[in-house]
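Q: Got a structure for you, written out below as structure tokens; questions coming shortly.
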Amino acid sequence: MRINSVCLHCGKELVGRSDKKFCDPQCKSAYQYQKEKQNPERFYNKVDNQLKLNRRLLKEYNKGGKVTIRAQVLLDLGFDPNFFTHYWKNQKGEVYLFVYEYGFLKRTEYGKEKFILVIWQDYMGVDIKRR
Ligand SMILES: [Zn+2]
């Protein structure tokens, strides 16, 4: 006879597979949310690590002032375009996303996703201060 374990979130007795830890997906996500809340450092570190990786990759592939690269090349290496520090909009209304001093713009050319890589310029900062 095996001793039934209880749900880690609500404490209800679990039925079925012996490796189950929660009664349902709701209990599982509630438990993980609680854990995440108790440990805000983990979230900070996750974001921080992603920003560092993004910056390293943009730096590595941006040898000149302006470089076009296939998006998949960076994505394959772990680049996540949803993590950036700030943005700059040019006069054409194109929004460059920046990870510190390295920026990128998503663009589709001939059906292929590209990133245009740029480096932060002083005049971009001047522009922000004027507003
Ligand atoms: Zn439960």
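Q: Using a 10 angstrom Cβ neighbour count of at most 16 plus a DSSP loop assignment to flag exposed GluC sites (Glu not before Pro), which longest range of the chain is free of such sites?
A: On the way: sites that count: GLU94, GLU101.
Between exposed loop sites, the widest span is 1-93.
Q: Given a 1.4 Å probe and every protein chain left where it sits, what share in percent of the accessible area of the chain is carbon and sulfur?
A: On the way: 5000 of 9650 Å².
The computed percentage sits at 52.
Q: Still on this model: Okay, which of region 66-88 sit inside 12 Å, backbone N to the point 7 Å along the Cα-Cβ direction of GLN121?
A: Those under the cut-off are 66.
Q: Oh, and also: Starting from the Cα of THR85, move 7 Å in the Cα-to-Cβ direction to define the label point; list residues of region 11-51 whose amide nitrogen is under 11 Å from there.
A: 51
Q: Looking at the square roots a ≥ b ≥ c of the eigenvalues of the Cα gyration tensor of region 2-83, which shape do they give, rounded for a/c under 1.5, prolate if a/b is larger than b/c, or oblate? Before the final figure, lay out each step's value.
A: Working: a/c = 4.98, a/b = 2.96, b/c = 1.69.
It comes out prolate by the Cα gyration axes.
Q: At 1.4 Å probe radius, can you tell me the per residue accessible area of the chain in Å²?
A: Numbers: 9650 Å² over 131 residues.
For the chain, the per-residue accessible area is 74 Å².
Q: Another question, if that's okay. What is the angle, in °, between the Cα long axis of helix 25-38 and the longest principal axis of the Cα atoms in the chain? Nearest 10 is fine, range 0 to 90.
A: On a 0 to 90 degree scale, this one is about 60.
Q: Out of region 53-84, which trypsin sites (Lys or Arg not before Pro) are coil in DSSP terms and have no more than 14 other C-beta atoms within 10 Å?
A: Values: sites: ARG55, ARG56, LYS59, LYS63, LYS66, ARG70; in loops: LYS63.
In loop regions of region 53-84 (DSSP not H, G, I, E or B), the sparsely surrounded trypsin sites (Lys or Arg not before Pro) are LYS63.
The values are calculated or read from the model by the stated rules, or taken from the named source; none is laboratory data. In this text the structure is predicted, and so the values were computed from the model without any measurement. Positions of Cβ are generated from backbone atoms using ideal geometry, with glycine treated the same way; all protein chains shown enter the neighbour counts. In case anyone asks, the SASA skips ligands and DNA or RNA and just uses the protein heavy atoms, side chains included. Shrake-Rupley method; radii C 1.70, N 1.55, O 1.52, S 1.80 Å.
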